[in-house]
Amino acid sequence: MTMQYIIRQPLAFLLPAFALLLTLPGCGGLGKMEKAIEELNLKMDPEPLVLRGDEVQLNLSGTFPEKYFAKKASIEATPVLVWDGGEAAFETQGFQGEDAAGNFTVVPFKSAKSFDYTAKVAYQEGMEDGARLELRISGAMGSKSMDFTPVVLGDGVITTQNWVRSDDRFVIGEDAFQRVVSYTEEAEIHYAYNRSNVRSAELRDEDMSSLRDFIGFAADHDSVMLKSTRVSAYASPEGEITLNENLALERAESANAAVSKLLKRAKIDVEDSFFGNNPKGEDWDGFQTLMRASDIEDKDLILRVLSMYSDKNRREEEIKNIAKTYREIEKEILPELRRSMIVLNYDIEGYTDEELTELAMTNAASLTVEEVLYAATLFENNDDKLKVYQAASSVHADDWRGPNNEGVILMKMGKLNQAADRFMTADERGDSPVINNNMGAVARMKGNLADAKRLLGSASGVGDAVKYNKGILAIQEGNYSQAISNFSGEATVNAALAKLLNGDANGAKTILDNAGDDSAVAHYVMAICYAHVGNDAEAKRHRDMAVEKDAGLSGKASADLEFRDLD
């Protein structure tokens, strides 16, 4: 009996000590780990979280202190954004003690271990302002498991990126209208051998008859303005060179004299400077051209002579030595080279602006496509512009500019879907970077960012418009430095927003100061700028001005985490 008592007494003494050991971290400390969670010094970055592109990124860091992590324990930690009506979980991260089974990151018992965690979730509208970020931890140790009380890490998501404005720039298909258009009327006079007088038969040729008729037409129409003549005259390459040079000049003068007579008969007075002589001398180039096109038997031999000798006299001598062939040349080639080529330059002045606006509305079919497109620019009212562009689309159904320009006007009228249809029609008619820019802007406004990127990427050459539109897209993609580059030289809310999002609140404020924009959005973004630089008074003033201009911003302004440090 005495021995039995001696044995049981130590056992009774050891039981409370064993129970105490079970609560120590190295053995069964999930509960203690939960209670000591603050010792991990969890830090989230950024705080609050921020929307960038279409994602929210979390950087979380902390340190497991020494003797914190139970050797046989394992935990799974999941940051979760929670809001009314929804939640979004980031990737789960696992940790385990030295003696725990599994493939999680091992945390030593006796020494501290730091950790860094980065993950992203797709943005959802409910995350804005009112959400909270909490860390949910589930632990296991042997057959036991438990869920820790969620740890609130911080407030929900700042969405300043969403203040990007849809001020996309749409591009008109430019007209090529010229009120004064230059033209030429041409005729040719041929001469007898070694002569410069104009034969009457030449004046009756078709081309000279057409020239005479045109001069008569010009005399009857004030819109036709004769400007000058240029007569290029030639001699055939035979005989003395100096003589032929003089002969070419005489032929130019005689051709101009013939034109002068036609003008006088039409009672059109011109100055002497109206007539231009351009004597060319011997026409070896014409000779070679006609020879190549001829059926003369020895033409290859003649052409070889031309390539062998640059001296004009030697050329003529060698060609004449080919006696039979030369007779063919005298008959078929040389007469065609004894000529004057008359070019009459004239301008036609088009309709006045008043005439164009009238015709565009009443008889667009009587106008060229360039005239209709130009006429549309003369109207101030978008309804009138749209009517004229619709007429251009109908009358000139093969030209993409009509429907494209309809789309631009419809965008100004706030009719996005109708504009999109017209841009599609334009694209069916032609391939132009202008259309790609406009379709890309529409795609972005409809939320199709991938299509917008592709189309805007195919709009090079459009100028500042496509560059600006790419800047808007870059903001939505979270590429703020690229947006700043695209907005270079611009003074708009979007240009300021890109600077602000990229961490340059002072630069953003400078742009807004120069923008001259008194809109609610401009004041709201300015308020955020001042909040970032710690000027609470100006932040409040601009926030209040924004709400005053747009009462619908009141709720947003009250909840916006950008203003969390304001009274």
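State whether the residues of segment 533-540 include one that is part of a helix (DSSP H, G or I), among the small types (Gly, Ala, Ser), closer than 24 Å to Pro48 by Cβ and not assigned by TED's automatic domain parsing to the domain that holds Glu55.
There is at least one residue in segment 533-540 that is part of a helix (DSSP H, G or I), among the small types (Gly, Ala, Ser), closer than 24 Å to Pro48 by Cβ and not assigned by TED's automatic domain parsing to the domain that holds Glu55.
Would you tally the residues in segment 273-288 being exposed (fewer than 14 other Cβ atoms within 10 Å of the Cβ) and modelled with pLDDT under 95?
The total comes to 1.
Does segment 541-554 hold any residues that are in a loop (DSSP other than H, G, I, E, B) and buried (at least 23 other Cβ atoms within 10 Å of the Cβ), and which are they?
Scanning segment 541-554 gives no hits.
Determine if segment 305-324 includes at least one residue that is of a type in the set (Asp, Glu), modelled with pLDDT of 85 or more and in the same structural domain as Ala233 (by TED's automatic domain parsing).
no
Kindly check whether there is at least one residue in segment 334-349 that is farther than 26 Å from Glu188 by Cα, touching a residue at least 24 places away in the same chain (Cβ under 8 Å) and touching a strand residue (DSSP E or B) at 6+ places or on another chain (Cβ under 7 Å).
Checked against the condition, which is being farther than 26 Å from Glu188 by Cα, touching a residue at least 24 places away in the same chain (Cβ under 8 Å) and touching a strand residue (DSSP E or B) at 6+ places or on another chain (Cβ under 7 Å), segment 334-349 yields at least one hit.
Failed condition for Asp129, given (1) surrounded by 14 or more Cβ atoms within 10 Å (Cβ to Cβ); (2) on the phi < 0 side of the Ramachandran plot, with all others met?
The one condition Asp129 does not meet is (2).
Here is a list: Val434, Val462. Which entry is crowded, with 23+ Cβ neighbours inside 10 Å, under 17 Å from the mean Cα position of the chain (by Cα), over 30 Å from Glu562 (Cβ atoms) and touching a residue at least 40 places away in the same chain (Cβ under 8 Å)?
Just one listed residue meets the conditions, Val434.
Please return the ranges of helices (runs of 4 or more DSSP H) entirely within segment 183-293 where 3 or more residues are more than 24 Å from Gly350 (Cβ to Cβ), assigned by TED's automatic domain parsing to the domain that holds Glu317 and touching a strand residue (DSSP E or B) at 6+ places or on another chain (Cβ under 7 Å).
Here the list reads 241-265.
Taking the stated definitions as given, is Glu39 acidic (Asp, Glu) and modelled with pLDDT under 95?
No; evaluated as a whole, the condition is false for this residue.
Inspect segment 99-109 for any residue being part of a strand (DSSP E or B) and either at negative phi or in contact with an Asp or Glu (Cβ under 8 Å, 6 or more places away or on another chain) (or both) and give the result as yes or no.
yes
I'd like to verify a number: residues in segment 174-219 that are buried (at least 19 other Cβ atoms within 10 Å of the Cβ), among the charged types (D, E, K, R) and under 23 Å from Asn244 (Cα atoms), how many?
1
Of the residues Gly154, Gly126, Gly97, which is farther than 16 Å from Glu55 by Cβ and modelled with pLDDT under 95?
Gly154 is the lone residue from the list that is farther than 16 Å from Glu55 by Cβ and modelled with pLDDT under 95.
Only one of these conditions is not met by Lys509: (1) surrounded by fewer than 19 Cβ atoms within 10 Å (Cβ to Cβ); (2) touching a helix residue (DSSP H, G or I) at 6+ places or on another chain (Cβ under 6 Å). Which number is it?
(1)
Within segment 525-534, how many residues turn out to be surrounded by 16 or more Cβ atoms within 10 Å (Cβ to Cβ) and not hydrophobic (A, V, I, L, M, F, W, C)?
Count: 2.
If you check Glu91 against the conditions, is it in a strand (DSSP E or B), among the acidic types (Asp, Glu) and touching a strand residue (DSSP E or B) at 6+ places or on another chain (Cβ under 8 Å)?
Here the answer is no, as Glu91 does not meet what is asked.
When you scan segment 470-493, do you find a residue that is among the charged types (D, E, K, R), modelled with pLDDT of 95 or more, in a helix (DSSP H, G or I) and over 14 Å from Arg169 (Cα atoms), even just one?
no
This table checks each residue for (1) exposed (fewer than 14 other Cβ atoms within 10 Å of the Cβ); (2) closer than 30 Å to Arg52 by Cα; (3) within 39 Å of the chain's Cα centre (by Cα).
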position	(1), (2), (3)
Glu66	yes, no, no
Ala77	no, yes, no
Val106	no, no, no
Val121	no, yes, yes
Ile137	no, yes, no
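Looking at segment 308-349, which of its residues are part of a strand (DSSP E or B) and of a type in the set (Gly, Ala, Ser)?
Correct list: Ser340 only.
The values are calculated or read from the model by the stated rules, or taken from the named source; none is laboratory data. Just so we're clear, the structure is a prediction, and the values are computed from it rather than from any experiment. For neighbour counting, all protein chains shown are included, and Cβ atoms are generated from backbone atoms with ideal geometry for every residue, glycine included.
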